[in-house]
Amino acid sequence: MRGTITVWADHDLGLIDPNLYGSFAEHLGRCVYGGLWVGPQSHIPNQEGLRSDVVAALRALRLPVLRWPGGCFADDYHWEWGVGPQRRPRRNLWWNQPESNEFGTDEFLRLCQAVGCAPYISVNVGSGTVEEAVNWMEYCNSAQASYYANLRRRHGHPQPYGVRYWGLGNENWGCGGNMTAQQYAYECRKYACFMKKMGVDIEGGVYLIAVGHDHLPWNLEVLRNLEGALHTIDALSIHMYRTGHPAQGPPSTVADDSPEHFYRLLGEVPGMEEKVCKTADLLDYYSTADHRLDLVVDEWGTWYHDADEGLCQQGPLKDGLFAAAVLNMFNRYCKAISMANIAQTVNVLQAVILTRGSEMILTPTYHAYEMMKGHQGATLLASRASSVNLADDKGREYDALSLSASRSADGKTLTLSVVNMSVEEDCQAQLRLSGLERLAGASGRVLTADSVAACNDFGEGERVRPQPVAVNAALPTFTHTFPAKSLTVLEIALP
Ligand code: AHR
């Protein structure tokens, strides 16, 4: 098939917050224990308990922000049980597994320092108290001679950690307390009031994220009931898990390599865009000239029927391409979205990393994030792609090419990320780079495989990984072929 891509390099559309490329780690299955943390006594190489290979891989990804400790776990988490020399083991209520509390606040914040990312902590609104949340902030951020700041010092951490991002609960319409929107808004008003005040320890204040829903009426109800207190929150979060399940018939699996499933999965992206767009409009309506409300998507990704009981599932190529198409869409909404966190970091759902004992593999989703990291902090450029329309069996139609384009902060690189979502056909595209006088070179990498269900597996080496591809970039136009079922990232050097 043939296509056209146009980038207006002199038409800026806003800054892409690096935090759109964030992740989420919950005490669930083997995400924390075994994935991020093996303990200092482990034979697996570690930095005081943190898995060295995973830390290095997340650093290489340039992970900007990590959300913790949940998820559903957050609304049953009592942080004081997980600090200091005496940890209190308990049952992990939501995920039905033991919780040693060996990995707690100081371990999480040390992980973030080792990776070089910002921490984002969700407090317990469902079964906790405002007091517990405010004390947690004092423990993390206070430089005063107060009780919890001194406790942190006694635990060997003299300097405040400076945690800026705080979530006010998690899915409080469900596992976070089965609340109504009015009830949640009432709780949220209290938490935000005191937490915002406590947040003065951080330069510019803390950033508070309230719980929204991808069932949109909840959002309207929460915002309506927050009137008069909207200045105390900074963002509303929604979660978006997608499966590509058929309307009828057996649910989808990781190993399903059929074009039907692939088109259904990628066909979820326009639906996700609609949720983003409608929620962003609502937040716009409730924003004022002095106080803007952002959209955060702090859990999203694939969730297959055959995930195991710890929600571990393999990561096929189709997940990497789905991630890239979603990230392209998030980039395009960079004026509205301030953060997004894929679920989850290691060994759970659409993980970027899988571990088994001392082995580690990088999933195609990892590679999509790594290939697209040039968009972090860059300026979104106006761009357009058109080829042929794909359709799924739900009647949804979308263009086979997904695209976003940006210019790096130093002005030296244009990054174009292009997903060809056709399973069968390569796309020979004509690219027009408008608004440029000269180029200084170009390089490209492509991620693809024989099958959309192809995975990297333990002991098999990395079958699905990016490969370099020649790019004959020229002005004003040049052609490039985007293989079927692939992500291509072109980096165009500017003089
Ligand atoms: O990521 C797994 C779970 O999905 C989270 O705990 C919850 O917030 C969501 O429903």
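The values are calculated or read from the model by the stated rules, or taken from the named source; none is laboratory data. Worth saying up front: this structure is predicted, and the values here are computed from it rather than measured. Here the Cβ positions follow ideal geometry from the backbone for every residue, glycine too, while neighbour counts run over all protein chains shown. Accessible surface is based on the protein model in full, side chains and every heavy atom, while ligands, DNA and RNA are left aside. Shrake-Rupley method; radii C 1.70, N 1.55, O 1.52, S 1.80 Å.
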* Asked: Mind listing the phi-derived Karplus ³J(HN,Hα) values for segment 341-358, rounded to whole Hz, using 6.51, -1.76 and 1.60 with θ = phi - 60°, and x for any glycine or proline?
  -> 10, 6, 9, 10, 5, 9, 6, 9, 6, 7, 5, 7, 9, 10, 10, 9, x, 8
* Give the carbon-plus-sulfur fraction of the accessible surface of segment 317-459 in %, rounded to a whole number; probe 1.4 Å, heavy atoms of protein chains only. => 42 percent
* **Accessible surface, per residue, of the chain when the full set of protein chains is kept, probe 1.4 Å, Å²** => 38 Å²
* Cleavage-rule hits, trypsin sites (Lys or Arg not before Pro), segment 413-495, DSSP coil, Cβ neighbours within 10 Å at most 12 -> Arg438
* **Of Ala325, Ala149, Asn347, farthest towards positive along the dipole that unit charges on Lys, Arg, Asp, Glu beta carbons give the chain** => Ala149
* Asked: Roughly speaking, what is the centre-to-centre gap between segment 107-139 and segment 1-54 when only Cα atoms are used, to the nearest Å?
  -> 19 Å
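To the nearest 0.05, what FRET efficiency results for Leu220 and Leu436 with a Förster distance of 51 Å applied to their C-beta separation? Before the final figure, lay out each step's value.
Working: r = 43 Å, r/R0 = 0.85.
Efficiency, rounded to the nearest 0.05: 0.70.
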* Please report how far the C-alpha centroid of segment 450-478 lies from that of segment 332-400, rounded to the nearest whole angstrom. => 15 Å
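Tell me the carbon and sulfur percent of the accessible area for segment 41-90, rounded to whole percent, probe radius 1.4 Å.
Values: 1080 of 2120 Å².
On segment 41-90, the fraction of accessible area on carbon and sulfur atoms equals 51 percent.
Mind giving me the FRET efficiency for Tyr186 and Asp10? R0 is 35 Å, r the Cβ-Cβ distance, nearest 0.05 is fine. Present the calculation step by step, with values, prior to reporting the outcome.
Details: r = 49 Å, r/R0 = 1.39.
That pair, Tyr186 with Asp10, gives E of 0.10.
Classify segment 9-79 from the C-alpha gyration tensor, please: rounded if a/c falls under 1.5, else prolate or oblate depending on whether a/b exceeds b/c. Don't skip to the answer; put the middle values down first.
Numbers: a/c = 3.92, a/b = 1.61, b/c = 2.44.
In terms of gyration-tensor shape, oblate.
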* Amide H contacts of Asn341 (H built 1.01 Å from N, under 5 Å, at least 5 apart or other chain) -> Val297, Asp298, Glu299, Trp300
* Cα-based Rg and Dmax for segment 21-60, where Dmax is the largest Cα-Cα distance (Å) -> 10.3, 32
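Would you work out if segment 305-415 is rounded, prolate or oblate? Take a ≥ b ≥ c from the square roots of the eigenvalues of the alpha-carbon gyration tensor; rounded if a/c is under 1.5, else prolate when a/b is larger than b/c, oblate otherwise.
Details: a/c = 2.31, a/b = 1.34, b/c = 1.72.
Because a/c hits 1.5 or more and a/b fails to exceed b/c, segment 305-415 counts as oblate.
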* To do: Putting +1 on Lys and Arg Cβ atoms and -1 on Asp and Glu Cβ atoms, find which of Val276, Val469, Gly3 reaches farthest to the positive end of the dipole of the chain.
  => Val469
* Where both partners of a DSSP beta bridge lie in the chain, what percent of those bridges are antiparallel, to the nearest 5? -> 60 percent
* Asked: For segment 17-376, what is the per residue volume of the convex hull drawn over the alpha-carbon atoms, in cubic angstrom?
  -> 130 Å³
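Any idea how many Lys pairs in segment 17-376 come in under 25 angstrom at the alpha carbon, given 8 or more places apart or on separate chains? The partial results should precede the final answer.
Values: Lys196/Lys335; Lys275/Lys318; Lys275/Lys335; Lys275/Lys373; Lys278/Lys335; Lys318/Lys373; Lys335/Lys373.
Count of close lysine pairs: 7.
Which of rounded, prolate, oblate describes segment 383-495, given a ≥ b ≥ c as roots of the alpha-carbon gyration tensor eigenvalues and a/c under 1.5 marking rounded, otherwise prolate only if a/b is larger than b/c? Can you show the working numbers first?
On the way: a/c = 2.29, a/b = 1.34, b/c = 1.70.
Taking the square roots of the gyration eigenvalues as a ≥ b ≥ c, segment 383-495 is oblate.
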* Taking the Cα centre of segment 292-378 as origin, sum charge times position over the Cβ atoms of Lys and Arg (+1) and Asp and Glu (-1), and report the length of that vector in debye to the nearest 20. => 480 debye
* To do: Quick one: pull the percent of accessible area on segment 215-296 belonging to carbon and sulfur, 1.4 Å probe, ligands and nucleic acids left out.
  => 52 percent
* Amide hydrogen neighbours beyond the local backbone of His11, cut-off 5 Å, H modeled -> Ala382
* To do: Enumerate the amide H contacts of His239 below 5 Å, restricted to partners 5 or more residues apart or on another chain; note that Pro and chain-start residues carry no placed amide H.
  => Asp214
